[in-house]
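Okay, so here's the structure we're looking at.
The values are calculated or read from the model by the stated rules, or taken from the named source; none is laboratory data. Not measured: the values here are computed from a predicted model. Please note: Cβ atoms are built from the backbone with ideal geometry, for glycine as well, and neighbour counts cover all protein chains shown. Just the protein is used for accessible areas: all its heavy atoms, side chains included, with ligands, DNA and RNA removed. Shrake-Rupley method; radii C 1.70, N 1.55, O 1.52, S 1.80 Å.
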Amino acid sequence: MSTGNNSQLESNQRVTRFLLVVVVVMFCFGFALAPMYEALCKAFGINGRFVEIEQGVYDADKAMQQVKADRDRQVTVQFTASRNQNLQWEFRPMETSVVVYPGEVREVKYYAKNLTGKTVVAQAVPSVSPGQAAKYFNKIECFCFTQQTFKPGEAKEMPLRFVVDGKLPKKISTLTLAYTFFDTDQAGTKSKAQVDTVLRVAHNAK
Amino acid sequence: MSASKTMKKIGSLLCAGLVMLLPATVFADYKLNMTPSVTAVGQDIYNLHMIILWIVTIVGILVFGVIIYSLINHRKSKGVTPATFHESATVEFVWTVIPFIILVIIAVPATKTLLAIEDTSKSDITIKATGWQWKWEYEYLDSGVRFFSNLDKASNEARQVKSGKDPRKVENYLLDVDNPIVVPVNKKVRILTTSNDVIHAWWVPELAVKRDAIPGFINESWFKAEKTGTYRGQCAELCGKDHGFMPIVVNVVSDSEYSDWLAKQKKAAADADAGAGKTWSKADLMARGKEVYEKNCQACHMANGEGGGPFPALKGSKVATTGPVAAHIDLVLKGKGMMPPFGTQLNAVDTAAVVTFERNAFGNNTGDVVQPSQVSK
Amino acid sequence: MSDHKPTGIKRWLFTTNHKDIGTLYLWFAFTMFLVGGAMAMIIRAELMQPGMQVVDPLFFNSMTTMHGLIMVFGAVMPAMVGFANWMVPMMIGAPDMALPRMNNWSFWILPFAGTMLVSTLFMEGGGPAFGWTFYAPLSTTFAPKSTDFFIFAVHMLGFSSIMGAINIIATILNMRAPGMTLMKMPLFVWTWLITAFLLIAVMPVLAGAVTMMLTDRNFGTSFFSAAGGGDPVLFQHVFWFFGHPEVYIMILPAFGIVSQIIPTFARKQLFGYASMVYATAAIAFLSFIVWAHHMFTVGMPVAAELYFTYATVMIAVPTAVKVFNWTATMWKGAMTFETPMLWAVAFVFLFTIGGFTGLMLGVAPADFQYHDTYFVVAHFHYVLVTGAVFAIIAGVYYWLPKWTGNMYDEKLGKLHFWLSTISVNVLFFPQHFLGLAGMPRRIPDYAIQFAEFNFMSSLGGFAFGLSQLLFLFIVIKCIKGGEKATDKVWDNPEGLEWTVPSPAPYHTFETAPQIK
């Protein structure tokens, strides 16, 4: 062919090799965007998701000290519930809103009932609005930590224990916590163990 | 306000001027410019839009003016000899800096407006808007009022493929719903958006709110309408087949009208609960069932119950005639295949009514009367 | 080697000749342009009047989706690669592309990918109907089975583009004739070099995005589903990280073509060559850091909205520099208005209008009102149709005599220009008004208040569509014969391509030319 001499061939190969490496790197970068996004969201509360706190890790004593400092401040927390893809469950908060002091540990309950004739495994997904409040909304106990299995017709009251961090920006006086129940079969999602892995990877990436 | 009015006028003229191709009088009745808003923030957005529109128009006139002058005068047929300049550091520097300065001028009001828009604190009412394929569900978090809002019946009939109905004769075609949301005037209304399935977007141009509704997440936005009236909008994010047919209607009313409405809604909900316990007459069930059918079932099973394409006929079908009533109820509540479950959208009365209707309409004439008490959830 | 070339189907199947492959790319692009255009006609027919007269809403959504995908990946991108194949080696004095066999591959993947994409329309459940941006979860949990084939087609298109881009970069970096330094390269070559790097950077990201879709759909991952700890908004971030550079991939080569044509017919050197190169590079760089301006309404923190607003409007600076440079090139020139020049001048005017609306859309608070309306549709059709497509047509008229050895019919060319330019404005200008008045995009039916402008837009659409059949006729007529073109074709144009005979022989610059 007329592509020229050997040195030309070599430099063509060199350029091609280099560019192929770039292609592979960028392909991986596409996937890396997932944990990067997760980390960013957690750091800045971008999509209203919580900071995950494992049970008992939260220092309740320290939180109670903050209560004193913030006695003059109150925050209204609203609760709401949704079901994804018309999941045939009754699902609602048992209190629609509570007023709390920052640092105070509160417990509220959600009620859920499986209206279908079959056993349903569902995952509750929390979301907080405004988004920047998400990282100051810490849950100590939550039914969203694990998948919930409901037998046909089964009803449960599910507790949620939470603390609003005293560092919550001053201009936020009301925040809303929304839960959406997804049927794991319908959503075709990973097991909780896999979800945890993803979250941990994201956490480490941060 | 007169300044902004003048601006509005000039803005419309400006836009009209841009279509000089066509006689200006043709456009007397048509909206050429951004919909003015009834909220302060919306008016800020409108003014910001006008500022940018003015800037680009002036820049456009200048640049296009130079080009047109050049096209007319610097042509070979005029016998000119081409100049030979091909760069000038000064000129190039100047025309890099000028756009930059203009951008800074735009950025200042843009930043101010944006900060105002994103301040959702201290709201008076919170409404959760949940997008469904293809309708909206509203929940007043403070008062517990909750309802679905579907495309209104007249529009829904006219919008069917080859419906034979003239959309021009339908009032507010595609922009009307059966249950509008009602909010008080001069109150800060916080809108939370989320979704039951795919991403939707809640948009009312006159309230200057557009916010995506994302499944599993909650978003917020707000408006404070300064004028009573009816404001209409649509879903703005492609959400599947009937994306174009899930409008939004907001009635902004006085405080007292709002509390009346709220009381009525609460009473209606209580009545529905009470209705579930009592025994209904066949005529009442048929009338109510027809309404429920038209709203929920007709799009697929058609008005004559004959279905079409992938949608099965109800007319003469086993489920709706000889099959057991319980199975029929079950199908309505739980859905099957492409048919969505209606269990969480229809209460016991509605379910009983629509099943009664389907078993007696379209010549099915089974004579069955289904009572709300038979509908166990 | 002599000017021998194989004949028959084998010539085209096995060819490694850059001119043959360029021709194949251009014909493929034109075919897809007609297919995508036919879909646009269906869309405009449905929207001509309120009410549903022609198609059902789901098929309408398939049409908007496929129209977008086909025009982007099937028409505009392959057409630009076609120009690169034909012109880059001739402009830098190279005998062929650096990797001729890969070149054959990268073309022949395309027809298969295109066929697979179109075939999804005939599958059970219909074709993709989630918009060319295929947002999750509409494209994952809620999409028809054919979506997996759509994903595979996108993978193949991506492979093709990446291979094409590698080839172009290798050619430009390694195959330049002695003396052809980087800063002596024609601007078209420069814009393609930068475009090719953009392709290398973002096509793999798109491949990643559709792969994640594939595993979400079929293998139980949940990148884009909240139920398993994912987020549908992540999809939009990944998509637009690809998508914004993608729109520059379509427009930068267009800038290059116009920058070749205007100096020729102004009989004056391109003004500000160096600043053109830097502006192109600046636009390419900015394209990586502005993606989220496509998603201002998803609910981002204020700081992010402010950042993306500022970064986005910055793009206006290098773009303005380009428009000013073209203006200064025409200024005090001795212009004539042959068909290519007409298209190029129209490009400058109409692309600038698209640029203005782009600036408006980039400002977050105003975008809350414009977003997902016909204002956006008008904007991107001004930059892509009267921008990219006009430049492609201008380029075809400009180089057609060099490719075929015959002059095209000037009278018909001008007729084609005037018909297209008038109709395209009747088609897209009223869409600005529709968007401002509140008409959302991607809807098959609309409120009565939008009826008049939609009717007008549809008439313009049909006229513009029909005008392009005239283009096909003109091109075929020119290939078949016509007045013989001189080697220079135009009045003293600059560039190595004009130093070879017309039509350009099968092999050119087998011995490298010397650039002074």
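Here each label is just a point 7 Å from Cα along the line to Cβ, and for residue B:264 and residue B:166 those points are 3.2 nm apart. Over what distance in Å are the Cα centres of segment B:87-138 and segment C:374-411 separated? So the separation of the two Cα centres works out to 34 Å.
FRET efficiency for residue B:62 and residue B:251, Cβ-Cβ distance as r, R0 = 51 Å, nearest 0.05? Display every interim value, and only then the final one.
Working: r = 46 Å, r/R0 = 0.91.
For residue B:62 and residue B:251, the calculated efficiency is 0.65.
Think of a 1.4 Å ball rolled over the protein heavy atoms: segment C:15-499 then has 26 Å² of accessible area per residue.
Ordering A:161, B:359, A:73 by how much accessible area each has at a 1.4 Å probe, largest first, what is the list? Intermediate results must be reported in sequence, preceding the final value.
Values: A:161 85, B:359 0, A:73 25 Å².
The most accessible residue leads, giving A:161, A:73, B:359.
Using the Kyte-Doolittle scale, which helices in chain B average at least -0.5 and also have C-alpha atoms spread 27 Å or more along the helix axis, with helices defined as whole DSSP H runs?
Helices passing the filter in chain B: B:40-73, B:89-117.
Here the Kirkwood formula puts the hydrodynamic radius of the protein assembly as shown at 31.4 Å, using every distinct Cα pair.
With all protein chains in place and ligands, DNA and RNA left out, the 1.4 Å accessible area ranks C:348, C:376, B:108 as B:108, C:376, C:348, largest first.
Can you give the average number of partner chain beta-carbon atoms within 10 Å of each beta-carbon in peptide A:9-15, as a whole number? The partial results should precede the final answer.
Working: counts 2, 1, 5, 10, 4, 3, 10.
Counting Cβ atoms of other protein chains within 10 Å of each residue's Cβ and averaging gives 5.
Please name whichever of B:300, B:144, B:132 sits farthest to the positive end of the charge dipole of chain B, dipole taken about the Cα centre and charges placed at Cβ: Lys and Arg +1, Asp and Glu -1. Of the listed residues, the answer is B:300.
P(r) for segment C:377-516, from all Cα pairs and a bin width of 10 Å, is 11, 31, 24, 17, 11, 5, 0 %, short bins first. Once the chain from residue C:303 to residue C:115 is taken as fully extended at 0.36 nm per residue, the excess over their C-alpha distance is 63.3 nm.
Where does the protein assembly as shown land at 222 nm, in deg cm²/dmol rounded to the nearest 500, when only DSSP H runs of n ≥ 4 count, each adding -39500 (n - 2.57), divided by all residues? Spell out each step's value before the answer.
Numbers: 30 runs with 555 residues, N = 1099.
Dividing the helical sum by the residues of the protein assembly as shown leaves -17000 deg cm²/dmol.
Taking amide H as placed 1.01 Å from N in the peptide plane, the amide H of residue B:136 sits under 5 Å from that of B:149, each at least 5 places away or on another chain. Around the amide H of residue A:181, modelled in the peptide plane, lie the amide H atoms of A:82, A:83, A:84, A:125, all under 5 Å away and 5 or more residues distant in sequence or on another chain.
In this structure, residue A:9 and residue C:183 have a Cβ-Cβ separation that, at R0 = 30 Å, corresponds to a calculated FRET efficiency of about 0.70.
On a per residue basis, segment B:125-272 carries 33 Å² of accessible surface, using protein heavy atoms and a 1.4 Å probe.
Assuming R0 = 30 Å, what is the FRET efficiency of residue B:100 and residue B:121, from their Cβ-Cβ distance, to the nearest 0.05?
Numbers: r = 35 Å, r/R0 = 1.15.
Taking R0 as 30 Å, the efficiency between residue B:100 and residue B:121 is 0.30.
Spatial offset of segment C:208-274 relative to segment C:4-19 amounts to 32 Å, using the alpha carbon center of each. Of the whole protein surface, residue C:511 contributes about 120 Å² of accessible area at a 1.4 Å probe radius.
Counting pairs of alpha carbon atoms under 8 Å apart in space and at least six apart in sequence, what relative contact order in percent does chain C give? The partial results should precede the final answer.
Numbers: 841 pairs, mean separation 94.1, N = 516.
Relative contact order here is 18 percent.
Helix C:451-480 and the longest principal axis of the Cα set of chain C meet at an angle near 30°.
Highest mean first, how do C:267-280, C:189-202, B:128-141 rank when packing is the count of other Cβ atoms within 10 Å averaged over residues? Mind dumping the intermediate values first?
Working: C:267-280: 20.6, C:189-202: 24.9, B:128-141: 22.2.
Top of the packing list down: C:189-202, B:128-141, C:267-280.
Helix C:232-266 and the long axis of chain C differ in direction by around 30°, with both axes built from C-alpha atoms.
Highest mean packing comes first when the peptides C:67-79, B:273-285 are listed by Cβ atoms within 10 Å, giving C:67-79, B:273-285.
Assuming 0.36 nm per residue, please report the length gained on full extension of the stretch residue B:227 to residue B:81 beyond their Cα-Cα distance. Don't skip to the end; give the middle numbers.
Details: separation 146, 0.36 × 146 = 52.56 nm, distance 6.42 nm.
Contour length minus the Cα-Cα distance gives 46.1 nm.
What you get for chain C, charging only the Cβ of Lys and Arg (+1) and of Asp and Glu (-1), is a dipole of about 1160 debye around the Cα centre. Ligands, DNA and RNA excluded, the heavy atoms of residue C:331 present near 80 Å² of accessible surface to a 1.4 Å solvent probe.
On average, how many beta carbons from a partner chain sit within 10 Å of the beta carbon of a residue in C:424-431? Before the final figure, lay out the partial values.
On the way: counts 0, 2, 3, 0, 0, 4, 5, 0.
Taking the mean over all residues of the peptide, I get 2.
With each label modelled as a point 7 angstrom along the Cα→C-beta vector, the residue A:172-residue B:278 pair spans 4.8 nm.
In this structure, the amide hydrogen of residue B:209, modeled 1.01 Å from its nitrogen in the peptide plane, lies closer than 5 angstrom to those of B:204, counting only residues at least 5 positions away or on a different chain. In order along segment C:362-370, the Karplus-derived 3J(HN,Hα) couplings, from 6.51 cos²θ - 1.76 cosθ + 1.60 at θ = phi - 60°, round to x, 8, 3, x, 5, 5, 4, 8, 7 Hz, and Gly and Pro are given as x. Among B:332, B:253, B:66, the largest mean-square fluctuation in a Gaussian network model of chain B (Cα springs under 10 Å) belongs to B:66. Starting from the Cα gyration tensor of segment B:315-377, take the square roots of the eigenvalues, sort them a ≥ b ≥ c, and report rounded, prolate or oblate (rounded when a/c is under 1.5, otherwise prolate if a/b is larger than b/c, else oblate). Oblate.
Take residue C:64: with every protein chain present and a 1.4 Å probe, its accessible area is about 30 Å². Relative to the dominant Cα principal axis of chain C, helix C:273-286 is inclined by about 20°.
In peptide B:64-71, how many Cβ atoms from other protein chains are near each Cβ within 10 Å, on average?
Working: counts 5, 0, 5, 9, 2, 2, 10, 5.
Going residue by residue through B:64-71 and averaging, the value is 5.
Which sequence of C:148, C:56, B:142 reflects their accessible areas, 1.4 Å probe, from the largest down? Present the calculation step by step, with values, prior to reporting the outcome.
Working: C:148 45, C:56 70, B:142 95 Å².
Sorted by accessible area, descending: B:142, C:56, C:148.
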